[in-house]
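Notes follow once the structure below has been shown.
Taken together, the values in this text are just the output of simple stated rules run on the coordinates, not laboratory data. The shown structure was predicted, so the numbers you read here are calculated from the model rather than taken from an experiment. Because the Cβ atoms are built from the backbone with ideal geometry, glycine has one as well, and the counts that use them run over all protein chains shown.
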Amino acid sequence: MAIPNDTPLPPTRSSRKGRRFLWACLGLVVCLTLARGAFFRGWLAPVRIAGGSMAPLVSGEHFACVCPDCGESFACDGRVETAPETIVCPNCGKRWDRPDGAALPGDCVLVDRWPYLFRAPERGDLIALRLTPDAEDWVLKRVVGLPGETMAIRQGEVYADGRLLQKSLDELRQLAVPVYDDRHRPASLPDPPRWISEGGDAWERTPTGYRCRADAGPGFAWLTYQHWRGFAAPGPRTAVSPIVDHYGYNQVLSRSLNPVRDLLLRCEVVLPGATTARFQLTRECVVEVSATRQSVRVLIGEEIASEAFFSGIQPGRQFKLEAAICDHRVLVGIGQKTIAQCDYPGTAATPAAGQASEPKDEQPDAMPDQPALAIGCRGGAMQVSDLRIARDLYYLDAAGLGRPWQAEQPLGSDEYFVLGDNCPVSQDSRHWPAGTITRHSLIGRVLQFSAP
């Protein structure tokens, strides 16, 4: 059949592809124009960090250090007045002279100025702010207290209206300060006594971790942790020490250190079907994992405080485990998912809604010389690898000491309480007059951070 000359032909496949390509190019041009406009108008502002009040999350002017013994990478303060001559590795305690050379500029963060035009800041937000309306410099802090709350610090923990502020596992991951990374073992010590097989040779070292033999016996075979101090002090670096609130970033800061009990243990685990694993966080608290039951139990004094079942625990298959005690609560995660959590004995009673009670002004509990971290295996072989230990932040009073601190009055209706993660060196709401940080002081929320 003949087609009239004035009848349009249907579009070919190549013409349709050409149109889609043109629309894609046009969309890209529009997106780039909007992005350029956002930066030009200051909606998204790149900011270079100058100080170390938020280290180790983001660093100011610093030296990028790599331990010549264990290979651990970390940053230390590079400002002239605080630059160290000798560097101590916070992971293995190795000392070496700082190489000559200029310090690196601070990390760069991207600040989004839009969010607080439409909503109030939330607890935990990382924010940029001005201390005075005409201040040119921006300050980076974390929102801890909200309007109307009365803030206090006791034994390294923060309270609002007498209520202990408890972190989730996601929040702890962001705030945790590295303590020891077994992936970076010191080469000069062929058998570093950090994780030790108790009562024989049931556990053996592997290139990436440790393996428990299948014939280890009927009971639990334990692999226990010994901590070394990772800061300058008399004596050998292998001397056992409690875990304290030391920052590798603050190499030259001299102050009293406080034992830290809030710890996070991370590792990769492989369990055969008949094996039961235990991860001891304190002498009374154990996380028990069974591949046969596909379960996680939190045991406190051998009593089951919490139990959860998770299909991600498969016999013979590797999974990532996180177990922590933080803010008087036990947290357990598999992969990136929180599986179990429960209160840990000793938690102050939570006041009823609408009521407030002041935290007791108690002396800190006596701390053991060593953390009680240990890994137990029963009923078969077991492998653990990529063992890492981190600690929670330990908040101090305005003088940088571990004494109780109490705000003189509640926060105003538009006022916020902000702190720096590097508490020993941070200048923040503990030091500033009441009413300094209001919503009008806030510039925006930090979106991302990157190395220089």
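In this structure, the amide hydrogen of Gly124, modeled 1.01 Å from its nitrogen in the peptide plane, lies closer than 5 angstrom to those of Val143, Val144, counting only residues at least 5 positions away or on a different chain.
Work out how much length Ala102 to Arg130 would gain on full extension: take 0.36 nm times their residue separation and subtract the Cα-Cα distance, in nm to one decimal. Provide the component values of the computation, followed by the final result.
Details: separation 28, 0.36 × 28 = 10.08 nm, distance 2.91 nm.
Extra length available between Ala102 and Arg130 comes to 7.2 nm.
All Cα-Cα distances of region 128-168, cut into 5 Å bins from zero to the largest, leave 5, 19, 21, 17, 15, 13, 8, 1 percent in each bin in turn. Figure legend: label point modelled 7 angstrom from the Cα of Ala83 along Cα→Cβ; residues of region 93-113 with amide N under 13 Å from it are 98-105. A simple spin-label model places the labels of Arg123 and His440 2.7 nm from each other, with each point 7 Å out along Cα-to-Cβ.
I need the fraction of alpha carbon pairs in region 35-125 separated by more than 15 Å, rounded to a whole percent.
Beyond 15 Å sits 68 percent of the P(r) for region 35-125.
Between Glu198 and Gln336, the contour length at 0.36 nm per residue exceeds the alpha carbon distance by 46.6 nm. Computed from backbone phi, the HN-Hα couplings of region 162-172 come to x, 9, 5, 7, 9, 8, 7, 5, 4, 5, 5 Hz, rounded to whole numbers (Karplus: 6.51 cos²θ - 1.76 cosθ + 1.60, θ = phi - 60°; Gly and Pro given as x). Counted by Cβ distance under 9 Å from Ile153, the other residues give a net charge of +1, where Lys and Arg count +1 and Asp and Glu count -1.
Sparse packing (at most 15 other Cβ atoms within 10 Å of the Cβ) combined with a DSSP loop state is found for the following chymotrypsin sites (Phe, Trp or Tyr not before Pro) in region 114-154: Phe118. Each 5 Å bin from zero holds the following percent of Cα-Cα pairs in region 224-333: 2, 10, 18, 18, 15, 12, 10, 8, 5, 2, 0. Here region 226-265 is scanned for amide nitrogen atoms under 14 Å from the site 7 Å beyond the Cα of Leu401 along Cα-to-Cβ, giving 255-258. Note on Asp215 and Asp414: the model spin-label points, each 7 Å out from Cα along the C-beta direction, lie 7.6 nm apart. Using the Cβ of Asp215 as centre and a radius below 14 Å, the other residues enclosed give a net charge of +1, where K and R count +1 and D and E count -1. In this Cβ point-charge picture (+1 for Lys and Arg, -1 for Asp and Glu), region 401-452 has a dipole of about 80 debye about its Cα centre. Using the Cβ-Cβ distance between Arg283 and Gln427 with R0 = 41 Å, the FRET efficiency computed as 1/(1 + (r/R0)^6) comes to roughly 0.60.
Taken along the Cα-to-beta-carbon direction at a fixed 7 Å, the label points for Val66 and Glu302 span 5.1 nm.
Here region 40-91 was treated as a single set of alpha-carbon atoms; its pair distances binned every 10 Å from 0 give 22, 44, 21, 10, 3 percent. With Cα atoms as the point set, the radius of gyration and Dmax of region 109-236 evaluate to 23.2, 71 Å. Counting 0.36 nm for each residue step from Val252 to Leu165 and taking away their Cα separation leaves a gain of 28.2 nm.
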